[in-house]
1. Per 10 Å bin, what percent of the C-alpha pairs of segment 318-443 does each bin hold, from zero upward?
2. Let me know the Kirkwood hydrodynamic radius for segment 122-192, please, with Cα pairs as the basis and the value in Å to one decimal.
3. Quote the relative contact order of segment 258-393 in percent (integer), defining contacts as alpha-carbon pairs under 8 Å separated by 6+ residues.
4. Let's test this: bin the Cα-Cα distances of segment 76-220 at 10 Å from zero up to the farthest pair and state each bin's percent.
5. Which semi-axes, in whole Å and largest first, does the equivalent ellipsoid of segment 200-307 have when worked out from the alpha carbon gyration tensor as the square roots of 5 times its eigenvalues?
6. What full-extension length gain, to one decimal in nm, is calculated for Leu422 and Lys467 as 0.36 nm per residue of separation minus the Cα-Cα distance?
7. Taking loop as defined by DSSP and a crowding limit of 10 other beta carbons within 10 Å, which chymotrypsin sites (Phe, Trp or Tyr not before Pro) in segment 109-189 fit?
8. Report the dimensions of segment 451-494 along its three principal axes from the alpha-carbon atoms, largest first, rounded to Å.
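No value in this document is a laboratory result; all are computed from the given coordinates. Please read these numbers as outputs of a predicted model, since none were measured by experiment. Every residue, glycine among them, receives a Cβ derived from its backbone with ideal geometry; neighbour counts consider all protein chains shown.
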Amino acid sequence: MKEHVHSGTYTNTLERLVKEMEDTQRLDELQKQLQEDIRQGRGIKSPIRIGDQDSTDDEDGLLEEHREFLKKFSVTIDAIPDHHPGEEIFNFLNSGKIFNQYTLDLRDSGFIGQSAVEKLILKSGKTDQIFLTTQGFLTSAYHYVQCPIPVLKWLFRMMSVHTDCIVSVQILSTLMEITIRNDTFSDSPVWPWIPSLSDIAAVFFNMGIDFRSLFPLENLQPDFNEDNLVSETQMTLGGKGSEDSSCKPIFSTLPETNILNVVKFLGLCTSIHPEGYQDREIMLLILMLFKMSLEKQLKQIPLVDFQSLLINLMKNIRDWNTKVPELCLAINELSSHPHNLLWLVQLVPNWTSRGRQLRQCLSLVIISKLLDEKHEDIPNANNLQISVLHRYLVQMKPSDLLKKMVLKKRAEQPNGTIDDSLHLELEKQAYYLTYILLHLVGEVSCSHSFSSGQRKHFVHLCGALEKHVKCDIREDARLFYRTKVKDLVARIHGKWQEIIQNCRPTQGQLHDFWVPDS
């Protein structure tokens, strides 16, 4: 049997095997015909080569019965992808619209040097300024005195935009060391400098993120707009940079290092200065981080620094109980794709009490949205959350979700009918939605503490899961997505059985109850 090698890997599909079998049969026929022609002395006729462009469609194509065979036994395995689809957040063609590493000049910031090191740096060109910075001159200059804000802003912007990853990391190290030392000056009447919301928005906007992606919700907007952001940033650059930086983009690929360096520095700032941002600003920063995390090219990158920053931001919210429902409703609007919304839930750190609370409440809000339910107030008590979850679980029958999709699609069709291929596609979508909903169910039921009073709620949940979801799934060897959903049902059911048997788990057992793997 022949092997088909493509890009260094072996593939041998059912369709190829059938095609090879037909080719072999035709070769045998040609061989017999050739031997017969030679025996009768008619010579060799022009042979028909297998796969030749002159061969007829009937010879090159598969026979109808073979096509029916392939259709009957084809396996659908990609209906439920393992990863969320993501979105295109960064537009590299727009990177460098405000400034770049060649237009950032400390001499344009209005800063007047006092010490010998400051005067040396201000006398140097742009390239030498970066060299002196990365070689420790700035660190030594501000070892015992406060670093001026223009210098810190210049470092922050240069770190975000420098195309050399090593230089960007060195600037981050310098910036963090200076910031930590500034914080140790206990006799200083002012807090150490941290970038404002507009400073943060400016560097991400300059990386190529559209302003509407930075602040995607109309009812949650900062005190500045895009024009203000660009003009105010250019003013601090001495009015320079826009005409030079608009020549060509500064990034051709995702600036992963620059993004993570900015996030790491913000993590430090929110740690040493918890009161540096107001609750509204923190809300906008959290939404900005969530929206950025949907970038397609960030899907394969561990966003540990994002989560560390989220922990600090959530911890720094003063009126937490009031902001949780607002935050859940806002995050719920960041994407329309169910799998993207699940990703946002799983991005929330679940090893802090506020993180677990946000994950649970956000999951309930998203479930309500995906089931087209009218939004209700989010219950804070775990018992009430589980009770609401039971009501939602009853509506997660794959067949019921499919019926809703079919009715909606029929209303969109001119003749009001749906063919088999479209019906199969809708079934895939229904099971995909069920899969996402079940993961969200697991997030809500992952309570950080359990009591004997909650045991009955989990017993009811187990019954509803069996009756309304598991018993509704008819497995088929060709429809792998059904098996994938049923496997998830079994895992959730098993975790709930553990909870029922261990009503009062120890703290060390908490994270073993539910570990989402989507």
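1. 12, 40, 30, 13, 5, 0
2. 12.5
3. The normalised contact order for segment 258-393 reaches 22 percent.
4. Taking every Cα pair in segment 76-220, the percentages come to 10, 35, 29, 16, 7, 3, 1, 0.
5. After scaling each eigenvalue by five and taking roots: 22, 19, 15 Å.
6. Gain on extension, Leu422 to Lys467, equals 13.4 nm.
7. Loop-located and lightly packed - Tyr144.
8. Cα spread of segment 451-494 along its principal axes, largest to smallest: 43, 16, 9 Å.
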